[in-house]
Amino acid sequence: MKNINKSLLAAVLAIATVASPKAFALEEVVRHYRGARSLGMGGLVTTTGIYEEALFGNPAMQAEDPTWKLSLLNTTIEVNDHLISDLSAVKDAKSASGSGVITTIADKGLMGRNEHERITILPIGIYIPHFFSENSAFAFNMILTESANIMLRSNAELDTQLFVDVGPNIGYAHRFLDGSLSVGVNLHLIYRVARDQTIRATEFLTGTKLTPSAIAGQGIGIDGDLGVNYKLPFELGPVIKKVSVAASMSSLMQSTYRIAGKEIISSIKTSPPNNDRVFNVGARIDWPDLLVFTNSLFAIEMQDIGTTRRLSSFWKKVHFGGETHLTKLLAIRGGFNSGYI
């Protein structure tokens, strides 16, 4: 069996050597945070995100928070549907070194499968919709998030996205035109340990392992978001309560995470990847209450317009969905997220 594995690895390496380094890949756009409400509505955030979702999405939506909020240990965990069944194989691949990484992935049936997980903890957050005046809003929280996307492609290149972000975040929004127009800004001070790069098969022959100290960079950076939200100031008939449009620009400064922090982990010497500066736009319809259904909405958004370092299809950028409330504690949500229902 070992001889078969070695022969397989030799063939894969030969293919990888002549394969184009520009192999097509639909990569994920890395985000600091997406909450359960956003994920439940197909990834909507530009027109619908409030509280912590506004602090990492469209900052103008902070002016739409219905009331103040204090949160402690807000935790979100997400995995794709086959990661749990593949968890043992993924652990074996992470503990392997050299060519053993590729042979382990091939033997365990992980070739071509994207393994995704994210754990986000917001230790503390405070959100104030009326900050000093009726027309201003303020938000603050701390974030600790870890996420990973790993896939071995058919040309034996391992696509890796490993991110750990820690730091404080603040947001401010102000209402204009009798509350119809909201404008907001977010600032993020983040310490990052991360890797977002394709590892060629030949690199594993030198002993490369899937550990942060072996493949990641670290640093501290400052970045921000800018956003607007506008509610159309006229009625559209009895079947539509309100129509609004919104837009945001994320990672305005495209921070390189190089202002400090290179020696926090002494074994990591390089800088981490930065975020793409992206533009997001969307439209939202709010419906009148009907029977037991209240606060119903539907929205459609185009997100991540202008990504520069990642190849992405049209449908990866499309998000639409909605929600309706049956009680104050129970909501029904659904949506279409990057090609998936």
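Here are the numbers:
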read-out	value
Filter result for Ser255 (of a type in the set (Gly, Ala, Ser) and part of a loop (DSSP other than H, G, I, E, B))	yes
Residue that is farthest from Leu144 (Cα to Cα), among those in segment 178-228 that are part of a helix (DSSP H, G or I) and modelled with pLDDT of 75 or more	Asp178
Pick from segment 319-341, criterion surrounded by fewer than 18 Cβ atoms within 10 Å (Cβ to Cβ) and touching a Phe, Trp or Tyr at 6+ places or on another chain (Cβ under 8 Å), ranking: modelled with the lowest pLDDT	Gly339
Residue list for segment 174-195, restricted to those being farther than 11 Å from Gly224 by Cβ, open to solvent by 10 Å² or more (accessible area, probe 1.4 Å) and touching a helix residue (DSSP H, G or I) at 6+ places or on another chain (Cβ under 9 Å)	His174, Arg175, Gly179, Leu181, Val183, Val193, Arg195
Residue list for segment 238-267, filter: touching a Lys or Arg at 6+ places or on another chain (Cβ under 8 Å) and either over 28 Å from Ala173 (Cα atoms) or open to solvent by less than 30 Å² (accessible area, probe 1.4 Å) (or both)	Val243, Ser244, Ala246, Ser250, Ser251, Tyr257, Lys262
Of all residues making up segment 53-81, the number that are touching a Pro at 6+ places or on another chain (Cβ under 8 Å), open to solvent by 50 Å² or more (accessible area, probe 1.4 Å) and either part of a strand (DSSP E or B) or of a type in the set (S, T, N, Q) (or both)	3
Residue in segment 303-315 that is at pLDDT 90 or above and out of contact with any Phe, Trp or Tyr (no Cβ under 8 Å at 6 or more places or on another chain) present	yes
Some residue of segment 229-241 being outside any loop (DSSP other than H, G, I, E, B), within 25 Å of Tyr340 (Cβ to Cβ) and modelled with pLDDT of 90 or more	no
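The values are calculated or read from the model by the stated rules, or taken from the named source; none is laboratory data. These numbers come from a predicted model, not from an experiment. Every residue, glycine as well, gets a Cβ built from its backbone with ideal geometry; the counts of neighbours run over all protein chains shown. Surface accessibility is based on the protein's heavy atoms, side chains included, excluding ligands, DNA and RNA. Shrake-Rupley method; radii C 1.70, N 1.55, O 1.52, S 1.80 Å.
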